Amino acid sequence: MQKKIISFMEKYHMVEEGECILAAVSGGADSICLLLILLALQQTKHYQLCVVHVEHGIRGEDSMQDALFVEHFCKNHQIACKIFHCHAIEYAREYKMTVEEGARALRYKYFYQAAALFQADKIAVAHNQNDCAETILFHLARGTGLKGMCGIPPVRDKIIRPLLCVRRKEIEAYLAERKQKFCQDKTNETLDYTRNKIRHQILPVLEEINEQAVAHINQIAFSATEAEELVEHLAEDAKKKYVSQDKLGFHIFKEILEEKPILQKAILHKVLVEIAKKNQDISKIHVQQMQELFEKQTGKKLYLPYDIKAERTYNGILLNKIKDIACEEQQVWTLPLEGILKIPSYGYEIHTKILKKIPENKEIPKKMYTKWFDYDKIKGIMQLRTRKEKDFFIISSDGKRKKLKKYLIDEKVPKYKRDHLLLFVDDAHIVWAIGYRISEDVKVTKDTEKILEVQVYGGTIHE
């Protein structure tokens, strides 16, 4: 196995002589295997080796013991080591992430801090073929395109993944043969996390069907990566033909529709990322909305993340950034009492219905995009719109108010999201800032007679 990994590393030019390699080591089987391989290769490649460990503050004493294990391992092998302690649960709560997402964000933040500290050229992480297969299955379950099928790349920027050519079983056998101890993370055995469900319930069934299932999924990842690279190359060339830029913005000519759909999508995504100057929050729903805009009449508009406005023109679509969406003619939608409201510019489909009191054995929803309201406390017409200057919430039972602007600043909501945030309002105030909080005075209580249930689907929503 060691030869296979070293050959894989050489294929992707992961390590060069004289470099400094930072290994991210949790203490688990994968990362200890990675460290042993890097130690073995160091004898011929002559590079510096150092270690970073991130203790997430999730598992109490077990977590601290893992940090000590890594520290002692490095001391015994004379490897420089930096330990970071953090609070992943609090971080995830503050930034409205799952614990998995928060822990990952913190890990990579500290990896790069340690890389700067050690002046490391590369950061080696211990993802293996099982991790890649789990990632692809996760993407498939949530809905993905070709890019999501690419799984985990062997090399990205400073990150290298030497173990992506081996399965978890091979790693465990390698460590058993050397009688090498490692840490066991008990949370990996629970089904509380999505990835663990895939790991313990889905992949084993696939391996019953074919024991090479993990390897075959990884082969698909490499094929998808090759296809994605080809599409990117073709899209970059085609973009010059169908897109021009001037002081008004980006003009996308309607002749783009003559191309294959896969190229259309790739070009539109490229233009959106270019004007946004960010990739995050630019999703396939926005590309789909752009494609649909070509079928609309001249003058129709579409509002997208990062203050981007798309307008149907005679020749195609004009894309530009606007300083303040709120300054534009405000769109307002009336919310039905019971029914479905579609808002194409947001990609939302909003479902409403009336419930009689709190249903038996059912709790008040705590989800970001499903809310219950005391219908009798809502005043006048129910509408959806973007924000206005004096918008406010009721934030306490005694009627204390808080301006929406102050709330969004306190919640660290980015400027582009503030201007495009959809609000559920009545004649008096904000009832709900969708994806965020509701007003205190419309909350359901034991005395509530009529409950208005509102569920928001679509866009980039995942509940």
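Tabulated values for the structure
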{"quantity": "Verdict on ILE171 being at pLDDT 95 or above, open to solvent by less than 70 Å² (accessible area, probe 1.4 Å) and among the hydrophobic types (A, V, I, L, M, F, W, C)", "calculated": "yes"}
{"quantity": "Residues that are open to solvent by less than 10 Å² (accessible area, probe 1.4 Å) and either over 23 Å from GLU94 (Cα atoms) or at pLDDT 90 or above (or both), drawn from the range 398-428", "calculated": "LEU404, LEU408, LEU422, LEU423, PHE424, VAL425"}
{"quantity": "Count of the range 350-392 residues which are of a type in the set (A, V, I, L, M, F, W, C) and either more than 25 Å from LYS405 (Cβ to Cβ) or loosely packed, with under 11 Cβ neighbours inside 10 Å (or both)", "calculated": "5"}
{"quantity": "Residue within the range 417-436 that is free of Cβ contacts under 8 Å to residues at least 40 places away in the same chain and farther than 30 Å from PRO359 by Cα present", "calculated": "yes"}
{"quantity": "Index of the failed condition, ILE358 passing every other in (1) touching a residue at least 24 places away in the same chain (Cβ under 8 Å); (2) part of a loop (DSSP other than H, G, I, E, B); (3) within 30 Å of PRO344 (Cβ to Cβ)", "calculated": "(3)"}
{"quantity": "In the range 19-47, the residues that are open to solvent by 60 Å² or more (accessible area, probe 1.4 Å) and farther than 25 Å from ARG107 by Cα", "calculated": "GLN43, THR44, HIS46"}
{"quantity": "Members of the range 355-373 that are at pLDDT 85 or above and within 33 Å of the chain's Cα centre (by Cα)", "calculated": "ILE364, PRO365, LYS367, MET368, TYR369, THR370, LYS371, TRP372, PHE373"}
{"quantity": "Subset of the range 48-84 (residues that are of a type in the set (D, E, K, R) and either crowded, with 16+ Cβ neighbours inside 10 Å or over 27 Å from the mean Cα position of the chain (by Cα) (or both))", "calculated": "GLU55, GLU61, ASP62, ASP66, GLU71, LYS75, LYS82"}
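The values are calculated or read from the model by the stated rules, or taken from the named source; none is laboratory data. Here the structure is a predicted model, which is why all the values come from computation and not from measurement. With ideal geometry, Cβ positions are generated from the backbone for all residues, glycine too; neighbour counts draw on all protein chains shown. These accessible areas exclude ligands, DNA and RNA; they are computed on the full protein's heavy atoms, side chains included. Shrake-Rupley method; radii C 1.70, N 1.55, O 1.52, S 1.80 Å.
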